[in-house]
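Engineer: Just passing along the structure, written as structure tokens.
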């Protein structure tokens, strides 16, 4: 009886050992049979990359003048309309001349008095101080008349076009701001050349120079590129935004461009070696600006965060995160996570 129990115990041990070995074999077999993810890769390459930066801005008139007198005077005549071309020095507005006429009469009287007193002084009848007082009054009145004349005959300070009219003849000029934001009768803009003021990151400050050529493009004229140049670099950097301003001047002799148009300005800073990767390899993390690629290392996919620059054709310049010659995945990416075993097939 004891012998039978031992035999049964031995048999059960053998069966348990066989079951254990079977499970281990099955697990090992399952792990070995797990298929690798099939991917296709391309190597990153090093190329000379043209350093280009693009900025946006609105086109502005080269000069903008608000035509306004310095006195609250009634408007007599407005000689131009919105859209009229005007020349520098052209008479645009006549104001009521009453004050000017009165001052001119007073000036004529003072000139007569001065000549009379000068003759008396030459004859020894008055002192030099009396003559000097008369001469001072005369000079003050001359300046007053000149100022009044300038304010009743308003002329254009530039060659340009009338872009705003805010009063009619007979109105009293009130010297209060109008819809243009200024107290003016007319607005004149010089548009035979224009400018764009751009805000640029401080990293470009050492590279932006006066005279640098700039390519200007507009959505309104998709097939044209307008040539401008940097004419002013502001000497300080905003400590809040870490940016500085640059003014670009654009010739506009044919007046194709107009103030207010939205534009893009492209600045070129030469070229330098850079790592290029196919755009198919670059992925963007949903919900963030993070970009990444999968690099093949020892048969596994390694998720690599990168920063990118310009796209040139079907390639993207990688600024950080990759080196030339590394193999990156361009097909099969959807099945990958960091550490996934892969099989590369580039046929």
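Engineer: Is it true that some residue in segment 201-213 is part of a strand (DSSP E or B) and outside the structural domain of residue 97 (by TED's automatic domain parsing)?
Structural biologist: Within segment 201-213 (the criterion being part of a strand (DSSP E or B) and outside the structural domain of residue 97 (by TED's automatic domain parsing)), the answer is yes, since at least one residue qualifies.
Engineer: Any residue in segment 136-149 that is in a helix (DSSP H, G or I), at pLDDT below 95 and closer than 30 Å to residue 242 by Cβ?
Structural biologist: No, segment 136-149 has no match at all.
Engineer: What about residue 328, is it without any contact (Cβ under 8 Å) to a residue 40 or more places away in the chain, farther than 30 Å from residue 196 by Cβ, surrounded by 14 or more Cβ atoms within 10 Å (Cβ to Cβ) and outside the structural domain of residue 200 (by TED's automatic domain parsing)?
Structural biologist: Against the criterion (without any contact (Cβ under 8 Å) to a residue 40 or more places away in the chain, farther than 30 Å from residue 196 by Cβ, surrounded by 14 or more Cβ atoms within 10 Å (Cβ to Cβ) and outside the structural domain of residue 200 (by TED's automatic domain parsing)), residue 328 does not qualify.
Engineer: Looking at 300, 272, 284, which one is surrounded by 13 or more Cβ atoms within 10 Å (Cβ to Cβ) and in contact with a strand residue (DSSP E or B) (Cβ under 8 Å, 6 or more places away or on another chain)?
Structural biologist: Only one candidate passes the filter, namely 300.
Engineer: Additional query: Scanning for something closer than 17 Å to residue 83 by Cα and in contact with a strand residue (DSSP E or B) (Cβ under 8 Å, 6 or more places away or on another chain), does segment 171-181 turn up at least one residue?
Structural biologist: So far as segment 171-181 goes, yes, one or more of its residues are closer than 17 Å to residue 83 by Cα and in contact with a strand residue (DSSP E or B) (Cβ under 8 Å, 6 or more places away or on another chain).
Engineer: Counting only residues that are part of a strand (DSSP E or B) and within 16 Å of residue 77 (Cα to Cα), which one in segment 150-163 is farthest from the chain's Cα centre (by Cα)?
Structural biologist: Result: 153.
Engineer: Filter segment 289-343 down to the residues that are part of a strand (DSSP E or B), under 28 Å from residue 267 (Cα atoms) and touching a helix residue (DSSP H, G or I) at 6+ places or on another chain (Cβ under 7 Å) and list them by number.
Structural biologist: Within segment 289-343, 311, 315, 316 qualify.
Engineer: Restricting attention to segment 69-97, report how many residues are modelled with pLDDT of 90 or more, closer than 21 Å to residue 168 by Cβ and surrounded by fewer than 19 Cβ atoms within 10 Å (Cβ to Cβ).
Structural biologist: Of the residues in that region, 13 qualify.
Engineer: From the list 254, 223, exactly one residue is exposed (fewer than 12 other Cβ atoms within 10 Å of the Cβ), outside any loop (DSSP other than H, G, I, E, B), outside the structural domain of residue 160 (by TED's automatic domain parsing) and at pLDDT below 95. Which is it?
Structural biologist: Residue meeting the stated conditions: 223.
Engineer: Ok, one more. Looking only at strands (runs of 3 or more DSSP E) that fall completely inside segment 32-119, which ones have 3 or more residues that are in contact (Cβ under 8 Å) with a residue 60 or more places away in the chain and farther than 30 Å from residue 200 by Cβ?
Structural biologist: 37-43, 75-78, 91-95
Engineer: Just checking, which of 270, 287, 309 is free of Cβ contacts under 8 Å to residues at least 12 places away in the same chain and under 28 Å from the mean Cα position of the chain (by Cα)?
Structural biologist: The conditions single out 287.
Yes/no per residue for (1) free of Cβ contacts under 8 Å to residues at least 24 places away in the same chain; (2) within 20 Å of residue 92 (Cα to Cα); (3) out of contact with any strand residue (DSSP E or B) (no Cβ under 8 Å at 6 or more places or on another chain):
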site: 158; (1), (2), (3): no, yes, no
site: 195; (1), (2), (3): no, no, no
site: 219; (1), (2), (3): no, no, no
site: 229; (1), (2), (3): yes, no, no
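Engineer: Can you tell me which residue is nearest to residue 60 (Cα to Cα) among those in segment 164-194 that are surrounded by 19 or more Cβ atoms within 10 Å (Cβ to Cβ) and under 23 Å from the mean Cα position of the chain (by Cα)?
Structural biologist: 194
The values are calculated or read from the model by the stated rules, or taken from the named source; none is laboratory data. Please read all numbers here as calculations on a predicted model, not as lab measurements. Please note: Cβ atoms are built from the backbone with ideal geometry, for glycine as well, and neighbour counts cover all protein chains shown.
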